[in-house]
Amino acid sequence: MKKMFPLQTHSHSQMIEITDQLENWISETGVQEGILVVSSMHTTAGITVNENADPDVKTDMLRRFDEVYPWDHAKDKHMEGNTASHMKTSTVGHAQTLIISKGRLMLGTWQGVYFCEFDGPRHRKYVAKIMEG
């Protein structure tokens, strides 16, 4: 089973929690045990798992990404001018593999799944695939 999820981002860089969308879809499928792979369909946006209790974590992460990968770097040659977004996406990764147990994602108490936009705002999409068993 797989599903494509559309997503509209609203900022140049942002982390959008998608945990509930994934959980709702898992519930709709009725799958109780398996593996979920969720993947961004873009080279300038990724998927990560991180804390979902304190919003300052997202703020701090995005700030630190900008510090490590500044948007304007004199030596960047990529003609689109978005080398930093490619670097950030490679750092967080384009996909995550998660365990489904008892019909829910097995996440820690403070964990959530995030779509990480690094070159927005844009119309985006991510795909999720369940392997039951």
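Observations, loosely collected:
- Test: residue in region 64-86 that is within 18 Å of the chain's Cα centre (by Cα), loosely packed, with under 15 Cβ neighbours inside 10 Å and of a type outside the set (Val, Ile, Thr): yes
- All of (1) farther than 20 Å from residue 133 by Cα; (2) assigned to a strand (DSSP E or B) hold for residue 12 with one exception: (2).
- Residues of region 103-133 that are surrounded by fewer than 15 Cβ atoms within 10 Å (Cβ to Cβ), hydrophobic (A, V, I, L, M, F, W, C) and either free of Cβ contacts under 8 Å to residues at least 12 places away in the same chain or not in a strand (DSSP E or B) (or both): 106, 110.
- For first residues located in region 64-75 and among the charged types (D, E, K, R), partners that are part of a loop (DSSP other than H, G, I, E, B) and lie 6+ apart or on another chain with Cβ distances below 9 Å form the pairs 66/13; 72/81.
- Residue match in region 43-55 (condition: part of a helix (DSSP H, G or I) and farther than 19 Å from residue 122 by Cα): no
- Check on residue 22, touching a residue at least 12 places away in the same chain (Cβ under 8 Å), surrounded by 18 or more Cβ atoms within 10 Å (Cβ to Cβ) and not in a helix (DSSP H, G or I): no
- Considering residues of region 50-63 that are free of Cβ contacts under 8 Å to residues at least 60 places away in the same chain and either surrounded by 13 or more Cβ atoms within 10 Å (Cβ to Cβ) or of a type in the set (A, V, I, L, M, F, W, C) (or both) only, the residue nearest to residue 105 (Cα to Cα): 53
We did not get these values from a lab; they are worked out from the coordinates using the rules stated. None of these values were measured; they are calculated from a predicted model. Don't worry about glycine lacking a Cβ; one is built from the backbone with ideal geometry, like all the others, and counts go over all protein chains shown.
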